[in-house]
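Chemist: This is the structure, below, for whatever I ask next.
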């Protein structure tokens, strides 16, 4: 079975932080890295008017981008240093209307493997002191070997 | 079984166009309405550097936002004038790495209903003259009654 | 939000037991009711040669029948006495090859609702003293009103 | 990309037929092989009282077993002679109540690959001359290498 990334925790944190800050779409949407460990990753998003629909609820694309990216990073944390993940598919249940000031997400690997990881992610919306589960995602990630540099 | 929207085609086109242009996140990402009819909707996205990952492939969140929004509009086109759709869940298969200059999407209602619609959407990437299927989405939408204005 | 079934616990147990024993296919496959409560249900299956593939692993249809039926009963336990559930869709991840002597399943409602319940179910395989997670299912159930008797 | 099975059509038909008749659970439920070709497979099921729920509709486990098995065989037909498929996950939409005398299923590979196939399957119910789509399944299959015989 896959083992967690054999780097020291600080180096891993720096790698995942770069996976958020270095990805143009993640930066464009505004996702922020929070924390990570072996097989899990947490992130957040400060909601702005541009993240919503004209109906006043968050666009599902915003919630999904947060959950999918967090799931990918959690899976990456169960890969070896010469491997990377490729998302094959995911399902997301939108459990409640997304309203609030901030989203947080925590993704965890349910079943790591040599060839694929299954990852789950939960997304909560925060308004003042209340926190409500708005979505749950379940993804299958293929584990691919990095190409050797030329 | 649900009937297509009983407005004339031009009015329906105008409504769906507004569903794209009036939604802040859809405008922010850059989705463009192409065409629609009873139970189907087509849209496109001109790709910009901000839609990608640092790895050079499109972020799954971009592809998903296009497919999900198109699916919602296709489902809306099978609602009565006093109804709207709420996406309960979707699954998306990411079939090939998303590279190219432009995405197009076509969503079609597979099974309309009084209480929910099942919708499928396909996303292609275009580069020069070639067109490749990159994703397929399958969504369950609840049909909800509009609230009466106060 | 939906409330658990307002019957006394013994009556509810009897109802769910009947949902297993009275369903011809459930009886045919051999599923056995174990226990239930508000929003959850547990069941098991003693494995026989007929539940397998020629390759020596359980057929996915066996695991799925157990998980789906358990999920439906868990959802039913969040319905009112004049309501029943209809499964709209489910996704199942087959996490490991199904081998062993016995399957157990526990399904829990993740999000109950007036019109829809989202339910999750886990399936374990047992061999001697070991217990391994072999599948996870996630289902959307519509809540429908019972027809009045004629 | 994966190529269809390089055997002659009659040999492939015999192999897939054996995949139905040699699988104890498939035989137990009563699935019957109908036909197959490169990347597709068709099967049927004569419905008997034991396939139903006490509510008078087919058990979802019956429909799913048919769709899942057909999808697996369709994927197998895109494998090389030294490869076999392992189902990682599937989603199924139950579109209408399953009633009738007979089920038929056709599964087709949507996207074959070296490491994974994505397959879709549709299930129809037949009553007298009418044919109605009751379910659609979408599966991800891993392509695994056969173990060398000892």
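Chemist: (1) touching a residue at least 60 places away in the same chain (Cβ under 8 Å); (2) more than 14 Å from chain A (Cβ to nearest Cβ): which one isn't true of residue B:13, the others all being true?
Modeler: (1)
Chemist: In the stretch A:25-36, how many residues are out of contact with any strand residue (DSSP E or B) (no Cβ under 8 Å at 6 or more places or on another chain) and buried (at least 16 other Cβ atoms within 10 Å of the Cβ)?
Modeler: The number of residues fulfilling the criteria is 2.
Chemist: Do we find that residue B:81 is under 26 Å from residue C:118 (Cα atoms) and out of contact with any strand residue (DSSP E or B) (no Cβ under 7 Å at 6 or more places or on another chain) in this structure?
Modeler: Judged against the criteria, residue B:81 is not a match.
Chemist: Please find, within the stretch A:111-120, the residue that is nearest to the chain's Cα centre (by Cα) out of those that are closer than 10 Å to residue A:75 by Cβ and in a strand (DSSP E or B).
Modeler: A:119
Chemist: Here's a follow-up. Provide a single number: the residues in the stretch D:110-124 that are surrounded by fewer than 24 Cβ atoms within 10 Å (Cβ to Cβ) and in contact (Cβ under 8 Å) with a residue 60 or more places away in the chain.
Modeler: Going residue by residue through the stretch D:110-124, those that are surrounded by fewer than 24 Cβ atoms within 10 Å (Cβ to Cβ) are D:110-115, D:118, D:120, D:122, D:124.
With the extra rule that they be in contact (Cβ under 8 Å) with a residue 60 or more places away in the chain, the set shrinks to D:112-114.
The qualifying residues number 3.
Chemist: How about the stretch C:16-38: which of its residues are under 24 Å from residue C:80 (Cβ atoms), out of contact with any helix residue (DSSP H, G or I) (no Cβ under 6 Å at 6 or more places or on another chain) and either in a helix (DSSP H, G or I) or more than 12 Å from every other protein chain (Cβ to nearest Cβ) (or both)? Spell out the reasoning first.
Modeler: If we filter the stretch C:16-38 for residues that are under 24 Å from residue C:80 (Cβ atoms), which is where we start, we get C:16-23, C:26, C:33, C:35-38.
Adding the requirement that they be out of contact with any helix residue (DSSP H, G or I) (no Cβ under 6 Å at 6 or more places or on another chain) leaves C:17-18, C:21-23, C:35, C:37-38.
Scanning the stretch C:16-38 gives C:17, C:18, C:21, C:35, C:37, C:38.
Chemist: OK, next. For the stretch A:88-107, enumerate the residues that are more than 14 Å from chain B (Cβ to nearest Cβ) and buried (at least 17 other Cβ atoms within 10 Å of the Cβ). Quick ask: steps written out before the conclusion?
Modeler: Restricting attention to the stretch A:88-107, the residues satisfying the condition of being more than 14 Å from chain B (Cβ to nearest Cβ) are A:100-102, A:104, A:106.
Result: A:100, A:104, A:106.
Chemist: List the number of the failed condition for residue C:22; all other conditions in (1) within 20 Å of residue D:62 (Cβ to Cβ); (2) in contact (Cβ under 8 Å) with a residue 12 or more places away in the chain; (3) surrounded by fewer than 16 Cβ atoms within 10 Å (Cβ to Cβ) hold.
Modeler: Of (1) within 20 Å of residue D:62 (Cβ to Cβ); (2) in contact (Cβ under 8 Å) with a residue 12 or more places away in the chain; (3) surrounded by fewer than 16 Cβ atoms within 10 Å (Cβ to Cβ), only one is false for residue C:22: (2).
Chemist: Continuing with the same structure: Quick check on my filter: what residues within the stretch B:39-66 are more than 21 Å from residue A:19 (Cβ to Cβ) and either within 8 Å of chain A (Cβ to nearest Cβ) or not in a loop (DSSP other than H, G, I, E, B) (or both)?
Modeler: Matches in the stretch B:39-66: B:40, B:41, B:42, B:43, B:44, B:45, B:46, B:66.
Chemist: Just give me the residues in the stretch B:5-15 being more than 11 Å from residue B:77 (Cβ to Cβ) and outside any loop (DSSP other than H, G, I, E, B), in sequence order.
Modeler: B:10, B:11, B:14
Chemist: Now, a different point. Could we say that residue A:134 is under 22 Å from residue A:53 (Cα atoms) and touching a helix residue (DSSP H, G or I) at 6+ places or on another chain (Cβ under 9 Å) here? Working first, answer last.
Modeler: Working: under 22 Å from residue A:53 (Cα atoms): yes; touching a helix residue (DSSP H, G or I) at 6+ places or on another chain (Cβ under 9 Å): yes.
When the stated conditions are applied, residue A:134 passes them.
Chemist: Has the stretch A:73-86 got any residue that is part of a strand (DSSP E or B), within 10 Å of another protein chain (Cβ to nearest Cβ) and closer than 25 Å to residue C:136 by Cα?
Modeler: yes
Chemist: Mind telling me which of the residues B:136, B:131 ends up being part of a strand (DSSP E or B) and facing another protein chain (nearest Cβ under 7 Å)?
Modeler: The unique qualifying residue is B:136.
Chemist: Here is a further query. Limited to the stretch C:133-150, what total is found for residues that are under 18 Å from the mean Cα position of the chain (by Cα) and free of Cβ contacts under 8 Å to residues at least 40 places away in the same chain?
Modeler: Number of matching residues: 1.
Chemist: Find the residue count for the stretch C:62-91, including only residues that are closer than 16 Å to residue C:32 by Cα and in contact with a helix residue (DSSP H, G or I) (Cβ under 7 Å, 6 or more places away or on another chain). Please lay out each step first, then the result.
Modeler: Step one: of the stretch C:62-91, the residues closer than 16 Å to residue C:32 by Cα are C:62-74.
Now drop any that are not in contact with a helix residue (DSSP H, G or I) (Cβ under 7 Å, 6 or more places away or on another chain), which leaves C:62, C:64-65, C:68-69, C:73.
Selection size over the stretch C:62-91: 6.
Chemist: Name, by its number, the condition in (1) assigned to a strand (DSSP E or B); (2) modelled with pLDDT under 95 that does not hold for residue C:89.
Modeler: Here residue C:89 clears every test but (2).
Chemist: Would you check if residue A:65 is out of contact with any strand residue (DSSP E or B) (no Cβ under 8 Å at 6 or more places or on another chain) and either modelled with pLDDT of 95 or more or surrounded by 19 or more Cβ atoms within 10 Å (Cβ to Cβ) (or both)?
Modeler: Here the answer is yes, as residue A:65 does meet what is asked.
Chemist: Pick out the one residue from D:37, D:80, D:100 that is at pLDDT below 95 and on the phi > 0 side of the Ramachandran plot.
Modeler: On the way: D:37 fails: on the phi > 0 side of the Ramachandran plot; D:80 fails: on the phi > 0 side of the Ramachandran plot.
On inspection, the qualifying residue turns out to be D:100.
Chemist: Which of the residues belonging to the stretch B:125-150 are within 13 Å of residue B:85 (Cα to Cα) and surrounded by fewer than 18 Cβ atoms within 10 Å (Cβ to Cβ)?
Modeler: Narrowing the stretch B:125-150 to residues within 13 Å of residue B:85 (Cα to Cα): B:139-147.
Within the stretch B:125-150, B:144, B:145, B:146, B:147 qualify.
Chemist: For the stretch D:92-105, name all the residues that are assigned to a strand (DSSP E or B) and out of contact with any helix residue (DSSP H, G or I) (no Cβ under 7 Å at 6 or more places or on another chain).
Modeler: D:93, D:102, D:104
The values are calculated or read from the model by the stated rules, or taken from the named source; none is laboratory data. Keep in mind that what you see is a predicted model, and the values were worked out from it rather than measured. A quick note on method: Cβ atoms are made from the backbone with ideal geometry, for glycine too, and the neighbour counts reach across all protein chains shown.
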